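This report concerns only the one structure given below.
The values are calculated or read from the model by the stated rules, or taken from the named source; none is laboratory data. Small disclaimer: the values here were computed from a predicted structure and weren't measured. Note: ideal-geometry Cβ built from the backbone for every residue, glycine included; neighbour counts use all protein chains shown. The accessibility values were calculated without ligands, DNA or RNA, using every heavy atom of the protein model including side chains. Shrake-Rupley method; radii C 1.70, N 1.55, O 1.52, S 1.80 Å.
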Amino acid sequence: MKRTIGVMGNISAGKTTLCKLIAKRWNYVFYPEEVDELVLNYYYGDRREHAYNTQVFFLSSRFRNWWHMTISPHSGVTDRIKEEDIHIFTEKNYRDNYLSKSEKMILTHQFEAMKHNIPDPDLVIYPYTEVDELKARIARRLGKEGRVREAERGLLASSDTYIDDLNALYEEFYPRYQGNKLRIESCDWKLVDDDGRIRYDSEEADKLLEIIRQALERNS
């Protein structure tokens, strides 16, 4: 039986790791988030100037990803869900006055028009992660990837509340999401070794996959 799984969560919450684990162990097709580093660098460099264009880019790329997963005959997993673009990132920019009321309305209208062609996933997984741990993971990633994601360095400043605010928005949104869903505490699951390799065949991976399997069965 074909299944679709969406993973939602903050930056560096472990979404991609979880998707790769599911894809490898269950033979799912992984549809990674389309990330354009140039778009992100512009956005983090001047959110007021680039918020609207960034949201348009990610909204369209997100639906393209979900459309490919929908029409595929194979089970699939992806590291973002459609609703994040509106209820998390658009909402964050709107609350920060980086999007006008009319811009938010246009983005929401586009979302509502597009979502009717895409069925809800069989399961949404939400790996919750504390802010201190998220920033530590971002710092480690910056150390590995260097200038490629250099624009994210500003998120680590003690005065920057972007990651904190996103976590708060996820906590607001998750109870409102009406589909089949599963919240996990990402700090409870050591799925990655210190050298960055995913522990595909670990006992912890087995236990977590069993929890996910049970959650999927609720929607069968």
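Take the residues of the range 67-104 that are hydrophobic (A, V, I, L, M, F, W, C) and in a helix (DSSP H, G or I): which is most open to solvent (accessible area, probe 1.4 Å)? First the steps, then the outcome.
Within the range 67-104, the first condition is being hydrophobic (A, V, I, L, M, F, W, C), and the residues that meet it are 67, 69, 71, 77, 81, 86, 88-89, 99.
Narrowing further to those that are in a helix (DSSP H, G or I): 67, 69, 71, 86, 88-89.
Values: 67: 116, 69: 1, 71: 98, 86: 13, 88: 0, 89: 29 Å².
Checking each candidate, the answer is 67.
Any idea which residue in the range 158-187 is modelled with the lowest pLDDT, counting only those that are among the small types (Gly, Ala, Ser) and more than 17 Å from the chain's Cα centre (by Cα)? Write out each step before concluding.
Here is the first cut: in the range 158-187, the ones among the small types (Gly, Ala, Ser) are 158-159, 168, 179, 186.
Of the ones still in play, those that are also more than 17 Å from the chain's Cα centre (by Cα) are 158-159.
Details: 158: 81, 159: 84.
Out of the qualifying residues, it is 158.
If you go through the range 33-43 one residue at a time, how many are open to solvent by 50 Å² or more (accessible area, probe 1.4 Å), touching a residue at least 12 places away in the same chain (Cβ under 8 Å) and not charged (D, E, K, R)?
2
Can you name every residue in the range 188-202 that is farther than 13 Å from residue 21 by Cα and either under 19 Å from the mean Cα position of the chain (by Cα) or assigned to a helix (DSSP H, G or I) (or both)?
First pass over the range 188-202, keeping only residues farther than 13 Å from residue 21 by Cα: 188, 193-196.
Selection gives 188 alone.
Within the group 10, 27, which residue is polar (S, T, N, Q) and within 26 Å of residue 141 (Cα to Cα)?
On the way: 27 fails: within 26 Å of residue 141 (Cα to Cα).
Going through 10, 27 in turn, just one is polar (S, T, N, Q) and within 26 Å of residue 141 (Cα to Cα): 10.
Would the range 171-187 turn up any residue that is open to solvent by less than 50 Å² (accessible area, probe 1.4 Å), in a loop (DSSP other than H, G, I, E, B), touching a helix residue (DSSP H, G or I) at 6+ places or on another chain (Cβ under 8 Å) and of a type in the set (A, V, I, L, M, F, W, C)?
The answer is no, given that none of the residues of the range 171-187 is open to solvent by less than 50 Å² (accessible area, probe 1.4 Å), in a loop (DSSP other than H, G, I, E, B), touching a helix residue (DSSP H, G or I) at 6+ places or on another chain (Cβ under 8 Å) and of a type in the set (A, V, I, L, M, F, W, C).
Right, residue 203: open to solvent by less than 30 Å² (accessible area, probe 1.4 Å) and among the acidic types (Asp, Glu) or not?
Details: open to solvent by less than 30 Å² (accessible area, probe 1.4 Å): no; among the acidic types (Asp, Glu): yes.
No: the conditions fail for residue 203.
Scanning for something touching a helix residue (DSSP H, G or I) at 6+ places or on another chain (Cβ under 9 Å) and without any contact (Cβ under 8 Å) to a residue 60 or more places away in the chain, does the range 6-28 turn up at least one residue?
Within the range 6-28 (the criterion being touching a helix residue (DSSP H, G or I) at 6+ places or on another chain (Cβ under 9 Å) and without any contact (Cβ under 8 Å) to a residue 60 or more places away in the chain), the answer is yes, since at least one residue qualifies.
What's the number of the only condition in (1) closer than 23 Å to residue 20 by Cβ; (2) among the aliphatic types (A, V, I, L, M); (3) assigned to a helix (DSSP H, G or I) that residue 113 fails to meet?
In the conditions (1) closer than 23 Å to residue 20 by Cβ; (2) among the aliphatic types (A, V, I, L, M); (3) assigned to a helix (DSSP H, G or I), residue 113 misses (1) alone.
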